[in-house]
Amino acid sequence: MSSTLIAAVIFVVTYAAIVAFKHYKSQILWGGVVLGLACGFIHAPDFLHDINWNVMGIFAGTLILSEYFVLSRVPDAISVWLIRRTHTVGMAYLMVCIFASFLSIFIENVATVLIVGPIMIGLSKKIGISPVPGIIGVTISANLQGTATLIGDPPSMILANYMRMNFNDFFVYQGKAGIFFAVQMGAIGSMLFLYWIYKRHQRAISYEGTVSVRSYVPAVFLVVMVLSLSLAVLVDPNFRWFGGASCMALGLLCIVFSRFAREREHLAVLRHYDVETTLFLAGIFVVVGMLERTGVIESMAGFLAKNIGDSPWVAFSVIVWVSVAFSAFIDNVPYLTAMIPVVQLVSDTLAVPMELLVFGLLIGASLGGNITPVGAAANIVGVGMLKKNGIHVSFAEFARIGLPFTILATLLGSLFIFFVWR
């Protein structure tokens, strides 16, 4: 049996076990890593290479900031502000998702979820309903808009580097409407879907109490973090270090300057740090690195190139929807990297514009992660946030919202791309 096939089997079995035994997902995932080590597909130096330390730094630093953000009671104050300006539970949920969607245009999706998630959970607690549909809405909304600009998400940066695109090219490229407008088409449809999901919560909401904010220091640090991540592409075009380093530095500075927090609260923030989600996120990178090294992703790409047909519409559709399917389970960064040369080959063979196929590839690879709770780093963080509050989310529960959201957003966005770039 070839190493490619064995690695693929390890991956499939590991993910199947995670679906079946979701309460032990970190242990199962690292069990898959151990199997990879035993088979010689992973070596000690690979951990340093495979793990995206920039994303891990963003996660760790923003998680610390978000914990102090919760302690400051600013999310509670924002929740009360939303309650007093919306008439129903559903509209309040939708407003938070729209805010997450907007924020994620400018900063990395994991950071968006860690900033907006506490607001959604605070809102849910105030009105006494489950935060699950709200947090799922926040994560998938963040993943959607992260595709819209050069600075929103790593896949956009990878594609921009390959196509030599600048920030403005995402809006207008070669005189035609760019990826940004395709994403907005998908966003309109997907937000209408979220409205339909949330409209069942027609209960009127009100809150007569007041919230006393303890400190605005964490909020200030979060604003500085948003600005630093927005400008990260200028300092670190390849998304390798600046985002993670700046978030970690701001997290440590927040610990120093958060004098409003008592000593036991400082200790609680560090003691309750979400180690499990951190390990799971790191493990995802290691497993996907194994797939990349053993040629699993390359084999999938090669198979697609040989069987894609000779119709531009069929080729475009296959690239989009196969990317959606693969990205529901594997990280989209190595997948996109492996597929760009394949798309170039298909473009040359069929004599169709390269832009048509690579933009479809980006849409499919970026949005497919919204289907499952492990399809994107932001989903893992959102589900981890719920688990920390004593709530477990199954694959089926996540997919009930994520799957139709993804189908609708991908369909509208890809149709826009096809008719503009065919």
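Report the full-extension gain for the segment F102 to L252: residue separation times 0.36 nm, less the Cα-Cα distance, to one decimal in nm. Can you show the working numbers first?
Details: separation 150, 0.36 × 150 = 54.00 nm, distance 2.68 nm.
So the extension gain works out to 51.3 nm.
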Gaussian network model of the chain, Cα within-10 Å springs - most flexible of G364, G302, G402: G302
F171 paired with V223, simple spin-label distance in nm, labels 7 Å along Cα-to-beta-carbon: 2.4 nm
For Y173, other-chain or 5+-apart residues with amide H closer than 5 Å (H placed, Pro excluded) are G178
Compute the helix-to-body angle for 312-327: its Cα long axis versus the longest principal axis of the chain, expressed 0 to 90° and rounded to tens. 50 degrees
J(HN,Hα) series, segment 171-182, from Karplus relation 6.51 cos²θ - 1.76 cosθ + 1.60, nearest Hz, glycine and proline x: 9, 9, 10, 6, x, 10, 4, x, 4, 3, 6, 5
Relative packing of 107-117, 40-50, 224-234, which averages over residues the other C-beta atoms within 10 Å, highest first: 107-117, 224-234, 40-50
Listed with the fewest Cβ neighbours within 10 Å leading, D348, D76 appear as D348, D76
Would you mind checking the tilt of helix 332-350 against the longest principal axis of the Cα atoms of the chain, expressed as 0 to 90 degrees and rounded to 10? 30 degrees
With Kirkwood's inverse mean 1/r over C-alpha pairs for Rh, give me the Rg to Rh ratio of segment 32-133, two decimals please. 1.16
Once every DSSP H run of n ≥ 4 in the chain is given -39500 (n - 2.57) and the sum is divided by its residues, what mean residue ellipticity at 222 nm do you get, rounded to the nearest 500 deg cm²/dmol? -24000 deg cm²/dmol
If one builds a Gaussian network model of the chain from Cα atoms under 10 Å apart, the most fluctuating residue listed among I363, I308, I330 is I308
Out of I188, M339, V80 - ranked by how far each Cα lies towards the positive end of the dipole of the chain, with unit charges on the beta-carbon of charged residues - the top one is V80
Fewest-first ranking of L71, L37, using other Cβ atoms within 10 Å as the exposure measure: L37, L71
Cα gyration tensor, the chain - rounded (a/c under 1.5), prolate or oblate: prolate
For the chain, what is the relative contact order in percent, using Cα pairs closer than 8 Å and at least 6 residues apart in sequence? 25 percent
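Every number in this text was worked out from the coordinates using simple rules, so none of it is lab data. Here the structure is a predicted model, which is why all the values come from computation and not from measurement. Note: ideal-geometry Cβ built from the backbone for every residue, glycine included; neighbour counts use all protein chains shown.
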